[in-house]
Amino acid sequence: MLKTDKERIFYQIYPKSFCDSNGDGVGDFRGIISKIPYLKELGINSVWISPFFESPGVDSGYDISDYRAIDPQIGTMDDFEEMVSCFHENGIDAILDFVANHTSTEHVWFKESEKSKDNPFRNYYIWRKTPPNEWESTFGGSAWEYDEKTGEYYLRSFAKEQADLNWENPKVRQEMQAVVDFWLEKGVNGFRCDVLDLISKDFSSPINGSGPQLHPYIRELFGRENCKNIFTVGECWSATKENAQLFCDKNRKELTTVFAFQHLCLDNGRFYIEKPSLKTVCERMSKWQKVMADIGAPATVFLENHDQARSVSRFADDTKYRFESATALGGLLLLHDGVPFLYQGQEIGFTNSYHTDISEFDDAETLGYYGIEHGKTDERSLMEKINFGSRDNPRHMIAWTAETQEAWIAPYSRQKEINVEKDLSSEKSVYAFYQSLIALRKKEKCFTEGEFQDVELTDGYYVFKRALGEKEFFIVFAFGKECVAPKIQNAKVVLNNYNDVGKMLQPYQLIVYQKKGKREDEK
Ligand code: NOJ
């Protein structure tokens, strides 16, 4: 049993791409079950499982057509129950994705809703005679989609096949409560709530989401008795220093924590090719930890998820210093203050994948962007941007071995060189280094209960401190270039992703120092 949420170490599973047990090209529950020993040995104790529900697959499962049914390619309800029990038997909690803002237009509610203006389900969605504002869809174009049948527009913040639910309708809110209850009764431990801040809208605002009823709706849903002990994390792009308390103050009974994105919104848009500076990433991460510490809620710490390019490629060096980059970023993730979320493959140092033709891409957002930009810039530089930022990067099938298999998505382009089998048998194994980081985090309460403090942030490196009682750890994280190392006095090295410690820091060197106790000092 975990005592506090900061003891959690999450691992996000994107089921379609994790492990395909029956060779049909789609990852499945039985594949996940077969890899539970791999996850247990890594040391994680919580998983977030991305959508596996019935879905036409326009947005890779985030377009749900039945919240209680499972995509048959991924498994059956029996498989699901077995998987959850297996996780629990191995001391791993499981939270699910809860996609509350929209359904697929194939959902029976929408099919009814679009039939006529007086259909009992009409008000489950947001219909207007004329668009009341100029909101844009995240995937390109207007967020208001004209529907010929009834001559009105419905709101779709994402693909046109994803219609926004009308949370102002109490029936919708009851339906969504019932969905939460259904999965809680199956034994899950909580939810990651997809674009949660979009569920309440202010149609007169230029911005979609963060409407006046946002917090009351969240409280109505998760303030209920059966949600008292669950873990909830809202994907809240709008989370700021100013409103974090509203989401996460324990007494308000809304969420355990949020995913805030300030530290990842640095690229001037997803398809912008310049690498963001690690210094800024660290600066923003630490600012956010402090915001959350002031509220008394655990922050989330993450560098990847199914929507983000691979961190090694995006922030560091995915060729010459791939091992060092992956392990140093791992140190930042696992020793910083908050609840760490690893994304599948990060523990092996997976990189972005490279593809030359748009037909090799699947992601709705990438295809939308390509549609808008195609013909405006030269094709090569457009493809370069797409390769850098596409959400397909984290969604390629996990390369368990060097052999590629036919799958729903193009194969990972570096599979021969980077795969689990190879990493596990390598002297420089990213997985083994992650194991050590996780073991250290679990062994030393400093990392879960201790104080967090920035010590130094320069253009060359970042040093932060974790302390509890007499114990103190200093984590030195070097950015890309060789530079003069900071002096950490009276300390011994407990982890290092290079063989030695010199006067200079090596590219992407990570050194964890433990301050010597009084007795050791005297030696
Ligand atoms: C956020 C999810 O993380 C993303 O994958 C999805 O496309 C949108 N929400 C819409 O559900």
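Figure legend. Inter-residue proximity from the stretch 145-168: first residues open to solvent by 20 Å² or more (accessible area, probe 1.4 Å), second residues within 12 Å of the ligand (Cβ to nearest atom) and hydroxyl-bearing (Ser, Thr, Tyr), beta-carbon distance below 7 Å, spacing 6+ or different chains. Indicated pairs: 156/137; 158/137; 158/138; 161/104.
Go through the stretch 103-118 and count every residue that is exposed (fewer than 15 other Cβ atoms within 10 Å of the Cβ) and without any contact (Cβ under 8 Å) to a residue 40 or more places away in the chain.
So the first thing to find is which residues in the stretch 103-118 are exposed (fewer than 15 other Cβ atoms within 10 Å of the Cβ), and the list is 108, 111, 115-118.
With without any contact (Cβ under 8 Å) to a residue 40 or more places away in the chain added as a condition, the list becomes 111, 115-118.
Number of matching residues: 5.
In the stretch 418-429, the residues that are over 18 Å from residue 497 (Cα atoms) and small (Gly, Ala, Ser) never reach a residue that is open to solvent by less than 10 Å² (accessible area, probe 1.4 Å) and assigned to a loop (DSSP other than H, G, I, E, B) with C-beta atoms less than 6 angstrom apart, at least six apart or across chains. Among the residues of the stretch 436-460, the ones that are within 23 Å of the chain's Cα centre (by Cα) and open to solvent by 60 Å² or more (accessible area, probe 1.4 Å) come to 1 in all.
Could you look through the stretch 195-221, keep only residues that are hydrophobic (A, V, I, L, M, F, W, C) and within 21 Å of the chain's Cα centre (by Cα), and pick out the one that is farthest from residue 138 (Cα to Cα)? The residue in question is 218.
From the residues in the stretch 299-309 that are of a type in the set (A, V, I, L, M, F, W, C) and within 16 Å of the ligand (Cβ to nearest atom), which one is farthest from residue 271 (Cα to Cα)?
Kept after step one, since they are of a type in the set (A, V, I, L, M, F, W, C), are these residues of the stretch 299-309: 299, 301-303, 309.
From what is left, the residues that are within 16 Å of the ligand (Cβ to nearest atom) are 302-303, 309.
On the way: 302: 20, 303: 17, 309: 10 Å.
Checking each candidate, the answer is 302.
When the stretch 80-117 is examined, which residues are found to be within 16 Å of the ligand (Cβ to nearest atom) and among the hydrophobic types (A, V, I, L, M, F, W, C)? It would help to see each step written out before you state the result.
In the first step, residues of the stretch 80-117 are kept if they are within 16 Å of the ligand (Cβ to nearest atom); the result is 95-107, 110.
Listed by number, the residues that qualify are 95, 96, 98, 99, 100, 110.
Counting only residues that are among the basic types (Lys, Arg) and more than 16 Å from the ligand (Cβ to nearest atom), the stretch 173-213 holds 2 of them.
Residues in the stretch 201-246 that are in contact with a Gly (Cβ under 8 Å, 6 or more places away or on another chain) and part of a strand (DSSP E or B): 3 in all. Look at the stretch 79-102: where a residue is over 9 Å from residue 45 (Cα atoms) and among the polar types (S, T, N, Q) and a partner is within 16 Å of the ligand (Cβ to nearest atom) and part of a loop (DSSP other than H, G, I, E, B), sitting 6+ places away or on another chain with Cβ atoms under 8 Å, you get 101/157; 101/195; 101/199.
Taking the stretch 1-20 as the range and being among the hydroxyl-bearing types (Ser, Thr, Tyr) and surrounded by 18 or more Cβ atoms within 10 Å (Cβ to Cβ) as the test, the residues that pass are 11, 14, 17.
Residues checked against (1) within 16 Å of the ligand (Cβ to nearest atom); (2) of a type in the set (Asp, Glu); (3) without any contact (Cβ under 8 Å) to a residue 40 or more places away in the chain:
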{"position": "338", "(1), (2), (3)": "no, no, no"}
{"position": "349", "(1), (2), (3)": "no, no, no"}
{"position": "355", "(1), (2), (3)": "no, no, no"}
{"position": "362", "(1), (2), (3)": "yes, yes, no"}
{"position": "369", "(1), (2), (3)": "yes, no, no"}
{"position": "379", "(1), (2), (3)": "no, yes, yes"}
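Is it the case that some residue within the stretch 14-32 is free of Cβ contacts under 8 Å to residues at least 12 places away in the same chain and over 19 Å from residue 190 (Cα atoms)? Scanning the stretch 14-32, I find at least one residue that is free of Cβ contacts under 8 Å to residues at least 12 places away in the same chain and over 19 Å from residue 190 (Cα atoms), so the answer is yes.
Go through the stretch 62-72 residue by residue and tally those that are within 15 Å of the ligand (Cβ to nearest atom) and surrounded by fewer than 19 Cβ atoms within 10 Å (Cβ to Cβ). Lay out the reasoning, then the answer.
In the first step, residues of the stretch 62-72 are kept if they are within 15 Å of the ligand (Cβ to nearest atom); the result is 62-65, 67.
Then keep just the ones that are surrounded by fewer than 19 Cβ atoms within 10 Å (Cβ to Cβ); that gives none.
Residues that pass the stated criteria total 0.
The one condition from (1) farther than 26 Å from residue 316 by Cα; (2) touching a residue at least 60 places away in the same chain (Cβ under 8 Å); (3) open to solvent by less than 60 Å² (accessible area, probe 1.4 Å) that residue 197 does not meet is (2). So, residue 59, is that one surrounded by fewer than 24 Cβ atoms within 10 Å (Cβ to Cβ), within 14 Å of the ligand (Cβ to nearest atom), acidic (Asp, Glu) and part of a loop (DSSP other than H, G, I, E, B) or not? The answer is yes for residue 59. With respect to (1) in a strand (DSSP E or B); (2) in contact with a Lys or Arg (Cβ under 7 Å, 6 or more places away or on another chain); (3) more than 16 Å from the ligand (Cβ to nearest atom), the lone exception for residue 75 is condition (1).
Restricting to the stretch 210-221, and then to whatever is touching a helix residue (DSSP H, G or I) at 6+ places or on another chain (Cβ under 9 Å) and free of Cβ contacts under 8 Å to residues at least 40 places away in the same chain, can you tell me which residue is most open to solvent (accessible area, probe 1.4 Å)? Once the filter is applied, the top-ranked residue is 219. Of the strands (runs of 3 or more DSSP E) contained entirely in the stretch 448-523, those carrying at least 1 residues that are among the polar types (S, T, N, Q), farther than 30 Å from residue 296 by Cβ and in contact with a strand residue (DSSP E or B) (Cβ under 9 Å, 6 or more places away or on another chain) fall at 491-496. Note on the stretch 310-335: among residues that are surrounded by fewer than 23 Cβ atoms within 10 Å (Cβ to Cβ) and outside any helix (DSSP H, G or I), the one that is nearest to the ligand (Cβ to nearest atom) is 318. Scan the stretch 234-253 for residues that are open to solvent by less than 50 Å² (accessible area, probe 1.4 Å) and aliphatic (A, V, I, L, M) and the total you get is 2. Just one of the listed residues (481, 487, 465, 503) is at negative phi, modelled with pLDDT of 95 or more and surrounded by fewer than 18 Cβ atoms within 10 Å (Cβ to Cβ), and it is 503. Residues satisfying the criterion are present in the stretch 262-276 (criterion: within 16 Å of the ligand (Cβ to nearest atom), under 30 Å from residue 377 (Cα atoms) and open to solvent by less than 40 Å² (accessible area, probe 1.4 Å)).
Restricting attention to the stretch 59-83, the residues that are aliphatic (A, V, I, L, M) and within 16 Å of residue 194 (Cα to Cα) add up to 1.
The values are calculated or read from the model by the stated rules, or taken from the named source; none is laboratory data. Treat the numbers as computed from the prediction; the structure is a model and nothing was measured. As a convention, Cβ positions derive from the backbone with ideal geometry for all residues, glycine included, and neighbour counts pool all protein chains shown. Accessible surface areas use protein heavy atoms only, side chains included; no ligands, DNA or RNA. Shrake-Rupley method; radii C 1.70, N 1.55, O 1.52, S 1.80 Å.
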